[in-house]
Amino acid sequence: MAKHLIESHGLKLYKAELGDVEQLRKSLSSENLREISELYHDTPERLLPSMLDGEMAHVVKSGDTVLAFCGVYDGVMWTMFSKEIRKNWRRFVRASPELVIFYHHFYETLRCQVWSENQFVHNWLVHLGFLPEFAETDHYNNTVIHFVRCNFTDNSIHSEVSRPVMH
């Protein structure tokens with residue numbers, strides 16, 4: 001098995017491989033199945049392997065189990081979840097800031113485009129410091145919310161190195 005790129009809260013991030021994508025496809029969450037069908041008018045069998053061709057494609061694993069398939073393409077961060085995410089949601093949310101920091105090493109600004117039907121992902125993104133930028137409706141009448149997050153770690157008032165020392 002390849003060496004993981006980052007580890008947080010017992011979850012590990014790896015460069016995605018075709019076998020990982022196949023494992024995810026077999027256990028894709030019902031929300032993502034619906035999104036692929038209704039929003040993208042595609043199938044998991046075609047869409048998921050094609051996402052390996054992007055600039056960055058990774059999987060988040062708990063042990064050997066793929067919980068999420070994520071990455072960044074043209075500055076747009078995306079994520080697909082397996083059914084197993086339900087059992088590991090809290091750990092995933094706690095580990096997610098490390099994922100965003102990792103991607104910010106490569107991109108100053110991260111954007112996300114999330115179907116309006118996916119409130120859990122909206123809340124997750126807001127927790128990670130993403131801000132809703134605007135909404136748009138496609139010709140199938142699906143609304144997508146656009147989120148943006150800039151890398152502000154160097155000048156943030158919440159930066160660990162700039163906090164005052166308490167005596």
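The values are calculated or read from the model by the stated rules, or taken from the named source; none is laboratory data. Since the structure is predicted, the reported quantities are computational estimates derived from the model, not experimental observations. FYI the Cβ positions are ideal-geometry reconstructions off the backbone, even for glycines, and counts take in every protein chain you see. To get the accessible areas, we keep the full protein, side chains included, count just its heavy atoms, and leave off ligands, DNA and RNA. Shrake-Rupley method; radii C 1.70, N 1.55, O 1.52, S 1.80 Å.
Taken one residue at a time, the phi angles of the stretch 90-106 give Karplus couplings (6.51, -1.76, 1.60, θ = phi - 60°) of 4, 4, 5, 4, 5, 7, 4, x, 5, 5, 5, 4, 4, 5, 5, 5, 10 Hz. Gly and Pro are set to x.
The residues of the chain have, on average, 59 Å² of accessible surface per residue, using a 1.4 Å probe with all protein chains present. Among Glu22, Glu98, Glu55, the largest mean-square fluctuation in a Gaussian network model of the chain, built with springs joining Cα atoms closer than 10 Å, belongs to Glu55.
If you take the alpha carbon atoms of the stretch 16-132 and fit the smallest convex hull around them, that volume is 103 Å³ per residue. For Trp89 and Leu18, the difference between the fully extended length at 0.36 nm per residue and the C-alpha to C-alpha distance is 23.2 nm. If you count Lys pairs in the chain whose Cα atoms are under 21 Å apart, skipping same-chain pairs closer than 8 places in sequence, the total is 15.
In the stretch 1-105, Cα pairs under 8 Å separated by at least six residues give a relative contact order of 30 percent.
Note on the chain: GNM, Cα springs under 10 Å; of Phe81, Phe92, Phe120, the largest mean-square fluctuation is that of Phe120. Backbone geometry of the stretch 13-24 corresponds, through the Karplus equation with coefficients 6.51, -1.76 and 1.60 at θ = phi - 60°, to 3J(HN,Hα) couplings of 9, 10, 5, 6, 10, 4, x, 5, 5, 5, 4, 5 Hz, x marking Gly and Pro.
For the stretch 27-39, the Karplus equation 6.51 cos²θ - 1.76 cosθ + 1.60, evaluated at θ = phi - 60°, returns couplings of 10, 4, 4, 4, 5, 5, 4, 5, 4, 4, 6, 7, 8 Hz by residue, with Gly and Pro reported as x. The coefficient of translational diffusion for the stretch 58-106, derived via Stokes-Einstein from the alpha carbon Kirkwood radius under 20 °C and 1.002 mPa s, stands at 190 µm²/s.
In a Debye calculation with equal point scatterers on the alpha-carbon sites of the stretch 1-68 and no solvent, what is log10 I(q)/I(0) at q = 0.15 Å⁻¹? Listed by q, the Debye log ratios stand at -0.50. For the stretch 69-88, no residue has its backbone nitrogen under 18 Å from a point 7 Å from the Cα of Val126, taken along Cα to Cβ. When both the stretch 65-86 and the stretch 11-28 are represented by their alpha-carbon centers, they are found 9 Å apart.
For Lys3 and Thr109, what does the FRET efficiency come to when R0 = 22 Å and r is the distance between their Cβ atoms, rounded to the nearest 0.05?
Numbers: r = 29 Å, r/R0 = 1.30.
With a Förster radius of 22 Å, E is 0.15.
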